Amino acid sequence: MRIDLHTHSARSDGTCTPRELVTLAAGAGLDVVALTDHDTAAGWAEAGAAADELGVGLVRGMEISCLHEGRGVHLLAYLPDPTYPPLDEALTAILEGRDRRMPRVCAALRELGIPIREADVERQSASATSTGRPHIADALVAMGVVADRDEAFERYLKPGRPGYVPRYAPPVTEMLGLVRAAGGVAVLAHPWGRTDTAAFLGPGLAALRDLGLAGLEVDHEDHDPAQRRALRGLAAELDLAVTGSSDFHGAGKVGHDLGCNTTAPDQLARLLDLAAAASRASGRPTPPPP
Ligand code: AMP
Ligand code: ZN
Ligand code: FE
Ligand code: FE
């Protein structure tokens, strides 16, 4: 069984349609793939139809942008009911924050002499429900300002660079409760990737587990082998599930090929059991499991 629990389609900042993504997953020999676009379930229906046709198991998920102790963190939510009104409202607030940020980033880039217009970004994000910095990066690539997304982040878009504009995100402590109340199960995405790790050492993770966190995404390209060993140890100590995934973004992120990291079947089974229990407790219908 090959299981990849974190991928993005062009409904957020990936470059494949949901159908193409599932087709590529089948071609890569995956038995199960999770579609986890940023802050939206917009790709689930198309991915679900393709998964049924191709015999791939689809885990319906999303990667929710949150804040914790002043830092951005990503929460992978699997099988929540996206129509649960408090979750729907929270996701809408995040998407509105994304939409409000985009013109401000364009204005900041114009200050630097780059003649970027909102329409340039909108051409890149035409099929996305969730607009992100990668679409702004794509517009900069199309204008010939940078060679690729990485260069756009390095020069302009990451924190500390002149095109960086913060956006709204809800506290992760609140989101953990919402995901469970929506009948889903939550895993912390790349806990030690890119940002500083202080909030996610043992005590911080134990506190999040007590609020409903079910697992850690240990096997992710942002973690080196020593970090993976340490995180695996923490997961065992705290009785958290361990996942592995590609964080595939199509052509938008190099070195994140489908299936480059995978999740053990018993860990997926554990997450699905927790989602089923959350769904029974909340009365929210869980979307079809894989
Ligand atoms: P946003 O959702 O607008 O905050 O943008 C975050 C997204 O940008 C994440 O999905 C990352 O995968 C992507 N990202 C962050 N840094 C880079 C980078 N250096 N190159 C390409 N994509 C990146
Ligand atoms: Zn992304
Ligand atoms: Fe992420
Ligand atoms: Fe991601």
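Values in this text are rule-based calculations from the coordinates and carry no lab data. On a predicted model such as this, the values are computed, not experimentally measured, just so you know. Ideal geometry is used to build each Cβ from the backbone, glycine not excepted, and the neighbour counts take in all protein chains shown.
For Gly252, which sequence-distant residues (separation of 5 or more, or a different chain) have an amide H within less than 5 Å of its own amide H, given hydrogens modelled in the peptide plane?
Distant-sequence amide H within range of Gly252: Thr15.
Under 15 Å from a point placed 7 Å out from the Cα of Asp257 along the Cα-to-Cβ direction: which residues of segment 1-41 have their backbone N that close?
Label zone hits: 24-30.
For the modelled label position 7 Å from the Cα of Arg100 along Cα-to-Cβ, which residues of segment 151-175 have backbone nitrogen atoms closer than 15 Å?
165-171
To the nearest Å, what is the center-to-center distance of segment 30-85 and segment 213-266, using C-alpha atoms only?
Centre-to-centre (Cα) distance: 16 Å.
Could you tell me which of His135, Ala198, Pro287 has its Cα farthest along the dipole of the chain towards the positive end, charges placed at Cβ (Lys, Arg +1; Asp, Glu -1), taken about the Cα centre?
Ala198
Which whole-number percent gives the relative contact order of the chain, counting Cα pairs below 8 Å spaced six or more residues apart? Can you show the working numbers first?
Working: 602 pairs, mean separation 71.5, N = 290.
Rounded, it is 25 percent for the chain.
Quick one: compute the contact order of segment 1-159, relative version, from alpha carbon pairs under 8 angstrom and 6+ residues apart, as a percent. Before the final figure, lay out the partial values.
Values: 248 pairs, mean separation 30.9, N = 159.
RCO, segment 1-159: 19 percent.
At Asp52 and Asp273, where each label point lies 7 Å from the Cα along Cα→Cβ, what is the point-to-point distance in nanometres?
Each label point is offset 7 Å from its Cα along the Cβ direction, giving 2.9 nm.
Arranged by the count of other C-beta atoms within 10 angstrom, fewest first, what order do Lys253, Lys158 take? Can you show the working numbers first?
Details: Lys253 20, Lys158 13.
Taking fewest neighbouring Cβ atoms as first place, the list is Lys158, Lys253.
Find out how many positive minus negative residues lie around Leu75, taking Lys and Arg as positive, Asp and Glu as negative, among other residues whose Cβ is under 12 Å from that of Leu75.
Around Leu75, the surrounding residues sum to -3.
Assigning unit charges at the beta carbon (Lys, Arg +1; Asp, Glu -1) and nothing else, what dipole magnitude in debye, to the nearest 20, does segment 147-247 show about its Cα centre?
Using only the charged Cβ atoms, the result is roughly 240 debye.
If you take the square roots of the eigenvalues of the alpha-carbon gyration tensor of segment 216-290 and sort them as a ≥ b ≥ c, do you get rounded (a/c under 1.5), prolate (a/b over b/c) or oblate?
Oblate.
By the scheme Lys and Arg +1, Asp and Glu -1, what is the net charge of all other residues having a beta-carbon under 11 Å from that of Pro86?
Working: positive: Arg284; negative: Asp81, Asp88, Glu89, Glu174.
Charge balance in the 11 Å sphere: -3.
Taking the highest mean first, how do the peptides 91-104, 130-143 order by number of other beta carbon atoms within 10 angstrom per residue? Working shown, then result.
Values: 91-104: 16.6, 130-143: 22.1.
In descending order of packing, they fall as 130-143, 91-104.
Per residue of the chain, what 222 nm ellipticity follows from adding -39500 (n - 2.57) for every DSSP H run with n ≥ 4, rounded to the nearest 500? Please list the in-between numbers first.
Numbers: 10 runs with 120 residues, N = 290.
Value at 222 nm, helices only: -13000 deg cm²/dmol.
Working out 0.36 nm times the residue gap between Arg123 and Arg71, then minus their Cα-Cα distance, what length gain in nm do you get to one decimal?
Residue separation times 0.36 nm, minus the Cα-Cα distance, leaves 15.7 nm.
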